[in-house]
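> Pasting a structure here, questions to come.
Read the figures in this text as sums done on the coordinates, not as results from a lab. All values derive from a computational prediction rather than experimental measurement. Here the Cβ positions follow ideal geometry from the backbone for every residue, glycine too, while neighbour counts run over all protein chains shown.
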Amino acid sequence: MTAAMEEGDWKAKVSEYIGADETAWHKKLEKYPSLKKMGELGPDAKFSHDGREERCLEFVKSHANVNEMRGNPAMVLQAIDEFSSQQEMLINLGPDKNRIMAEMITKERPAVFVEFGGHVGYSAILVADLMRKQRPDEAVKVWSLEFEPRFTKISTELIALAGLQDVATVIAGPAGDSIRKLKAEAKVDHVDFLFIDHVEELFLPDLKIAMDELQILKPGALVVADNVLVPGAPVYREYVRNHESLSSKGVKGLVMPGEFEDELEVSRVL
Ligand SMILES: C[S@@+](CC[C@H](N)C(=O)[O-])C[C@H]1O[C@@H](n2cnc3c(N)ncnc32)[C@H](O)[C@@H]1O
């Protein structure tokens, strides 16, 4: 789920589930207290940008296992998942798409990963950990481009807690501007894996910046966009599926908490 998803969209989605099977829905609410809390908040419910990201950081830092989390990315991710399912839901990859992303990173073995939309650093921690394990003696790099300075502060702290500060670098500002700057400063000349996960309306314009304007996506590179069904990125999907230099398909994944069916769009540069 993304920041761009409107409250109305969420309620429509929820109504679909209630209509389909009320018992199943109530089981979901029992399983995910954070979802129940969203329902109880009614029209005031928000998905992000309401102080929950700061509360997530505080939750992790005051967690009983915080000492074991130092230098342990899996434990940091587990604590963030715990906050999202038990306290307040977060708009990050979450524990199901996390598995799909891990499979793709393991298969692709990228050396340079860029994400548009970093939030509190969940996907950056997952990916940076895997990339470092895969190529322990090589320079691997994760660039996490996040609009909100207050989120970059949080993600930088969580990335450091996980011991990944040498691999993952967070940059504040609009992703399109940040990637232009990275190219201009010769910090990025190509990207092996581009993860697009910021605002659906920007998926296509920002892909074009990377692909056409900066030409940093070479043949063989992979571009993965999240949330192409929920809340949906139909214009982006149509574009990549009809592009002669891209081979694209959807991969099923669940929005968590709540297990809502969604897809990631996976595109190979030909
Ligand atoms: C769905 S969250 C990213 C989740 C993250 N990739 C993860 O899985 O841990 C989307 C993020 O994109 C950020 N965002 C919104 N517009 C942006 C832009 N133009 N450039 C970069 N980030 C943006 C939001 O502030 C939000 O933190």
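> Work out from phi, with θ = phi - 60° and the Karplus expression 6.51 cos²θ - 1.76 cosθ + 1.60, the ³J(HN,Hα) of each residue of the range 115-122, listed in order in whole Hz, and give x for Gly and Pro.
10, 9, x, x, 6, 8, x, 4
> Also, quick follow-up: ALA221's amide H: which non-local residues (gap 5+, or another chain) put their own amide H closer than 5 Å, with H modeled 1.01 Å from N in plane and none for Pro or chain starts?
VAL269
> Separate question: So what is the calculated 222 nm ellipticity per residue for the chain, using -39500 (n - 2.57) for each DSSP H run with n of 4 or more, over all residues, to the nearest 500 deg cm²/dmol?
That comes out to -14000 deg cm²/dmol.
> Placing +1 on the Cβ of each Lys and Arg and -1 on the Cβ of each Asp and Glu in the range 204-270, which of VAL266, GLY232, SER247 has its Cα farthest towards the positive end of the resulting dipole?
Result: SER247, furthest along the dipole toward the positive end.
> Bins of 5 Å, beginning at zero and ending with the bin holding the largest distance: percent of Cα pairs per bin for the range 213-269, please.
Values per bin, smallest distances first: 4, 19, 27, 21, 14, 9, 4, 1.
> I'd like the distance separating the alpha-carbon centroids of the range 83-149 and the range 151-189, in whole Å.
12 Å
> Using θ = phi - 60° and the Karplus curve 6.51 cos²θ - 1.76 cosθ + 1.60, what whole-Hz ³J(HN,Hα) does each residue of the range 140-155 get, with Gly and Pro shown as x?
Once rounded to whole Hz, the list reads 10, 9, 10, 10, 9, 9, 10, 4, 7, x, 6, 7, 5, 5, 5, 5.
> Quick one: of the DSSP bridges fully inside the chain, what percent are antiparallel, nearest 5?
The answer is about 45 percent antiparallel.
> Okay, moving on. If amide hydrogens are placed 1.01 Å from N in the peptide plane, which non-local residues have theirs closer than 5 Å to the one on VAL170?
Long-range HN contacts for VAL170: SER144.
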